[in-house]
Structures are given as structure tokens and as C-alpha cells.
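The block underneath contains the structure these notes are about, expressed in C-alpha cells.
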2 protein chains.
Amino acid sequence: MRAHVTKKILSEGLGLLERVIPSRSSNPLLTALKVEASEAGLTLSGTNLEIDLSCFVPAEVQEPQSFVVPAHLLAQIVKSLGGELVELELTGNELAVRAGGSDFKLQTGDLEAYPPLSFPSHADVSLDAAELARALGSVRYAASNEAFQAVFRGIKLEHRADFARVVASDGYRVAIRDFPASGDGRNLIVPARSADELIRVLREGEARFTYGEGTLSVTTERVRMNLKLLEGDFPDYERVIPKEIKLQVTLPATALKEAVNRVAVLADKNANNRVEFMVSGGKLLLAAEGDYGRAQDTLDVVQGGSEPAISLAFNARHVLDALSPIEGDAELLFSGSTSPAIFRASGGGGYMAVMVTLRV
Amino acid sequence: MRAHVTKKILSEGLGLLERVIPSRSSNPLLTALKVEASEAGLTLSGTNLEIDLSCFVPAEVQEPQSFVVPAHLLAQIVKSLGGELVELELTGNELAVRAGGSDFKLQTGDLEAYPPLSFPSHADVSLDAAELARALGSVRYAASNEAFQAVFRGIKLEHRADFARVVASDGYRVAIRDFPASGDGRNLIVPARSADELIRVLREGEARFTYGEGTLSVTTERVRMNLKLLEGDFPDYERVIPKEIKLQVTLPATALKEAVNRVAVLADKNANNRVEFMVSGGKLLLAAEGDYGRAQDTLDVVQGGSEPAISLAFNARHVLDALSPIEGDAELLFSGSTSPAIFRASGGGGYMAVMVTLRV
């Protein structure tokens, strides 16, 4: 086999695989990249047993053959090459990688022993890839990385009548994003870590979903991914979304983020990074206090609602997370000092964070 | 006390102090910043017992007073502030830090308990600050961070007839940089970690040296620094500088760095990252070999000297370090396959790396 491929495209493909394929494993086969050549190009694939990923790289190929090579080494070599074109040549158990004055010889692995990866060819439903990636990216922060209950480490995807919704929660906060979608899809829970990889590979175009037994396959023009789903019942998050809003404020999200970051410097790390929010007379006063002193910051807001004033407290870290997907103006909707608050983008956009308050 | 100071200048000063003052210490006093106010501005100072540092920040000050505050918190607060002007106000045991809508109250520490720091007012000799910083920065890599012998963790500064020289060595390699200097200075050894801080604070203008008992004080227009010197005899490094050059090559330093980086991907980490250098017929061939395969790279060079060819091996990491201060063309001077080689910038500049070869 001999292939000519542009360095940039090959490097991008290897970059995606490199994130999924482990660099070390008790099973060294798993650290390998499988390359299947056809006359149109190279299909790179790999797995970490949670996620299978496959990526097509257009190339000029003569005498197509398949082989496996150490994934991270090949990625590192290709990244380091000079020039724009890379030549790959397979001779016996050796893959030559050439560009400019460079000539690398990599030993190939045992192709027969490599676990078979299969990707479905039919699609059950289609979503817009960019919308899905943006939605997953907006709520990802609210999923836990450590929670004992598996569902808190996942992102739920719901298909509704004429839109789709992603939801994540760690039990203290809920993040929701709705986005346009049609078709009759299933509700399912994607592990947050697999969602991270999904976000990375999704670009423009369609994300075609195929449902398997406890698995979801996602296919785009460029990549194919199988991922294991989480079992279990996702908590009834709609119950905690406050229905009655007593006071609401609107202010630039950036100004609020900066001010929370500032006062949080003095917030007590051992007391949930507690930051007080006090609203009255068109002002939002933020305050924090710790061992070394106290901080306050005053911001002008547009205030509305039936109550003239409110005072409550949040974890500063959670406030910053909740604001992170919001650009432009943020709306903070308060239902009471001890009941959950809603943070969302002013003017809609489908994103909403629901946050519990800290005890007074 | 009340002071008005520009955020940028205060933040820069705090940034320098923040690197010296420990963020945690068994002696909490050491985590404090001392601020001495005068009508012209604020003198910020701190110590980690290895280095004392003091930095002057021009400010508009009323009723000057001195105080100590947690250094890292104050630096973090000032960095996070909006606006361009910061107001500091000392009331009793509380320092108020204000800007825009922000109002921080920091508890001050015990000024009387803070260790006295004294900086000399006379100078024994002067060097050009920028030249000194560049010279120290060029040889820093060759000093060891772990070596058992203290002198290998230091940088030697020598005053010669009409120039000064800095030298560092970890016993395997030597880095030297000469720079213009006059005056009758002493030879001394600065701990490499203190040199790192010195490099950071030196800018343009003069670096005035004052010699103490086992200490050196360096004063510039902006900062004053006391640092402890290393005792001991620096090795006779001049003995290892090869006198007779048998073959020499010239090539762009960047091309060589990139090629060494490339082939080093496959070099054996357990065998000193061994990279072979083979010169003949106006070509430099680099080669490396490890568990997963082998790599080679060919570069065009301008070749000179009495021998027609040479073959030797270096630690790739050491080659990259030795080339790091070299811009433009590099000259590699070889005295034999098993004797030290010299890497230096083509056209002079005072920098020279002397490297031992790896065994064949």
C-alpha cells in the first residue's frame, strides 16, 4: 500500500482519534489505530471500549491494504513533519511515513487481533449537528464527574413534539437547552465524557442517529461514533423549575461574571464559595466574606416583578457555570429567598439554568 | 492612609512580588506583602528567605502609613478589578480596595512582627540590566534543578578584563554567555532559581550590584533584590571546551530544532533520547531508534574542517536546550566522535554550549 495525503487533513483526523484511543492500556491493542485504505482514502478508527470512533481521510491510495499502528506515535510524527504532503507506504510489517527530508519506519501491529469495530449503515433519526453540539456544550457543566448515581454523570436527550432538549444535573442544579428538531427519536442518557467527544467531532451538516441495544451510533459526513448509553431514571427535573417569579433582573452577562469572579476572591472555599445577591431599587449588590476580609460589588440592573427586593445566596462557582453559555444580557428570575432561581439569556435561545440557593 | 494608583502599574508590581512571596508557609507572616507608603508612592516588599524583593509603585498618597496584607489575595483582587484607577484606604486594621462599583475590605496583619528587610543604598559595580538578563536566560537551562552538588544548581558570574561571563553546568553540558561589562566585580554563584526571578525583574537600564556576606543585592530603577549566593568551587569548565575542531557545519537553527524534535519522537526515552548525528558530503543525517521503529531526517549543511565525515550521538533534549538561545544560523563544531562538541550562533554573540557525546 502506498498513500499520499495532505498533512493538515491527516493530522486533524489523527487528532480526533488521539482523544479517544488511550495512550496506555493494560491491553496494548487498544492503544493502536486501525487504518483501512480504499482507493478514495483512509478510514482511521479506534476505541476505548466506551466509544468507538472512525474518521475518513481522503487520500490518493495505490494497492489498498489495512494495518494497525501505535496511534499516539503516528499522530505525534505527523504533527512534527514539515511540508504539506505526507507519503505512507506499507512494506511487510513496517509503515514508512515520509515528508521532505524525513523518513520514519513504524512497526505495525497484529491486524487480526484488533477488536472488530462495526458502525451501522442505516439512520433512525437526524439532528442538526451544530445545534446538537451547541446544546450539549451549554449544559455539560451541570453533569457531575464523580456523582455516585450514574444518571448525574450523564446528559439526557429528549425528543419532544417539535424540538429536542438536552438536560444535565448534578442534583444541585439543572441546565437545559432546547433546540429545533423533528422526527421521532428516543429519550436517552449519554455519558457526559462521551458527550465531550461528541461535541468535538460534530461540525455542520447532519448528525444521523442509529439506536442499538444500550448504545447510540452517531454518523456525520466525516466521522462515525458508537457510544454506550447510561441506564437508569433521570430525575424529574421539571419539578424544580420555579413557576412563579417574584422578582427579575436583567443585566449584561459579562459584567455579572466579572463581578462574581471579583467578590469570589474573598468567598469562603469551605462554605460553598458563598456569594450573596441582594436586589433592590434597580441595583444588584454582590457580597462575599471569608477569613481575610469581605468584598462587595454593585451593579445596575433593570428590575421587574411584584416584589420590591430580595436577598439570597449562591455558590459563586455555580453562578459562573450557569452564566457561561449566556452572551449579551442575562435574566435572573427569582421565586423566593429559599427556592430555586432561573438564569437564562435575555431574549430566549432555549437555554435555562435552574439553581438552588444556599441556606441563609 | 489613602492612595490612588493606576491598576496596571500596581498589578505589575504585585505580579513580581507574587512570584517571590510564598502562597502558603508554615510561617504565615511570610505570605504577607509589606506596603510602605510615602508621598511619592508605595514600596511593596516581600521575601521567601532566599530572595528579598522590593518594588516601587508611583501613587498619589495622603497621610502615608505602612501595613502588611495577604500578598496573593491582594494581587488577585487588583487583577480582577474593573477600571483604571484603584483607591486604597487604611482604616485601623482594615485596608479598603476600591474601584468602580467594587469595595473590598482586607484585614491587615501585624506590621511589627514582619521580618525587617533592608536593602543597601550604595553600589559596588554596575552591569547593563538587559544584557545580564539575556545572558542568564541563555545559560539557565544547563543548571540542574536536582543535582546533589550545590554549584550545579547555580549560575556562575565571572568578571573578566573587559567583559562578564555567565556559566552554568549540570556536569554533562556547559552553557556560557559573554557580554560587555566593565568595572571590578567579584566572581560569584547565583542559585538558578534566584536567577529566574532576577531575569524576570531586570529590564532596561542599570543593574547595580552590592556585595554582602554570602549575599548579592541587585538594584534597578524599579526594584531592589537581595539574594543568597551559593558557596563552593565551580568546576573547571574551560578544561572541557575542545580546542581542536576537526569538522564543522552551519545550518539554520530552526530547521535543526524541528528535525531533532521530529526524530526524537521515536528515540528511546530509557537511553538518553539518543539521536545520532552523521555528517558527510554537505549533509547532516539525524537518526533515532526505539521500541516502535526508527526515524531519520536529512538536512543540507555548509560543511568545513579537515575531516570529511563524522558520526556521533547526543541526548535530543540536550541538543534542543543548547539550540534554544540561538536564532538564525547555528554552528556545530566537532572535535571527534567521543569528545565534546560546541554549538554556537553563527557570527558570534557570545553564546556557546559545550556538550558531551553519548557513547557509541
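The values are calculated or read from the model by the stated rules, or taken from the named source; none is laboratory data. Please read all numbers here as calculations on a predicted model, not as lab measurements. A quick note on method: Cβ atoms are made from the backbone with ideal geometry, for glycine too, and the neighbour counts reach across all protein chains shown. Quick note on the areas: whole protein, heavy atoms, side chains included, nothing else; ligands and nucleic acids left out. Shrake-Rupley method; radii C 1.70, N 1.55, O 1.52, S 1.80 Å.
With its label point put 7 Å out from Cα toward Cβ, A:G15 sits 2.8 nm from the same residue's point in the other copies, in order from shortest.
On a per residue basis, the convex hull of the C-alpha atoms belonging to the protein assembly as shown measures out at 196 Å³. Pick from B:L49, B:L323, B:L216: which is most flexible by mean-square fluctuation in a GNM of chain B where alpha carbon atoms under 10 Å apart are linked? Checking each option, the largest mean-square fluctuation is seen for B:L49.
Averaged over its residues, segment B:13-120 has an accessible area of 44 Å² per residue, based on protein heavy atoms and a 1.4 Å probe.
Out of the total accessible area of the protein assembly as shown (probe 1.4 Å, heavy atoms of protein only), what percent is carbon and sulfur? Before the final figure, lay out each step's value.
On the way: 15250 of 32760 Å².
Its accessible area is 47 percent carbon and sulfur atoms.
Computed over chain A with a Gaussian network model linking Cα atoms closer than 10 Å, the most mobile of A:E231, A:E221, A:E213 is A:E213. Here is how the number arises for chain A: DSSP H runs of 4 or more residues each give -39500 (n - 2.57), the sum is divided by the residue count, and the result at 222 nm is -5500 deg cm²/dmol. Comparing A:V218, A:V275, A:V139 in a Gaussian network model of chain A, where Cα atoms under 10 Å apart are tied by springs, the biggest mean-square fluctuation is seen for A:V275. Going from the isolated chain to the complete set of protein chains, segment A:73-102 loses at least 10 Å² of heavy-atom accessible area (1.4 Å probe) at A:L73, A:Q76, A:I77, A:S80, A:G82, A:E94, A:G101, A:S102.
Quote the total accessible area buried by chains A and B together, excluding ligands, DNA and RNA, probe 1.4 Å, nearest 100 Å².
Numbers: alone 17510 and 17510 Å², together 32760 Å².
That pair of chains buries around 2300 Å² in total.
Restricting segment A:16-58 to trypsin sites (Lys or Arg not before Pro) that sit in a DSSP loop and have at most 15 other Cβ atoms within 10 Å of their own Cβ leaves A:R24.
Translational D (Stokes-Einstein, µm²/s) of chain B at 37 °C and 0.692 mPa s when Rh comes from the Kirkwood sum over C-alpha pairs?
Values: Rh = 23.0 Å.
Translational diffusion coefficient: 143 µm²/s.
Tell me the per residue accessible area of segment B:241-356 using a 1.4 Å probe; a whole number in Å² is fine. Show your work: numbers first, answer last.
Working: 4880 Å² over 116 residues.
Solvent-accessible surface per residue comes out at 42 Å².
Just to confirm the number: angle between the C-alpha axis of helix B:129-139 and the first principal axis of chain B, 0 to 90 degrees, nearest 10? So the helix axis and the longest Cα principal axis differ by about 50 degrees. Short-range pairs are left out: with C-alpha atoms under 8 Å and at least six residues apart, the relative contact order of segment B:241-356 is 31 percent. Burial of accessible area (probe 1.4 Å, heavy atoms of protein chains only) in segment A:249-264, relative to its chain alone, reaches at least 50 Å² for A:R262. Compared with the dominant Cα axis of chain B, that is its longest principal axis, helix B:192-201 is turned about 60°.
Given a 1.4 angstrom probe, what's the average accessible area per residue across segment B:143-235, in square angstrom?
Solvent-accessible surface per residue comes out at 47 Å².
Take A:R160, move 7 Å from Cα toward the beta carbon, and the resulting point lies 7.8 nm from the same point in each other copy, nearest first.
Mind pulling the angle between the C-alpha long axis of helix B:253-264 and the longest principal axis of chain B? Nearest 10 degrees, somewhere in 0 to 90. So the inclination is approximately 80 degrees.
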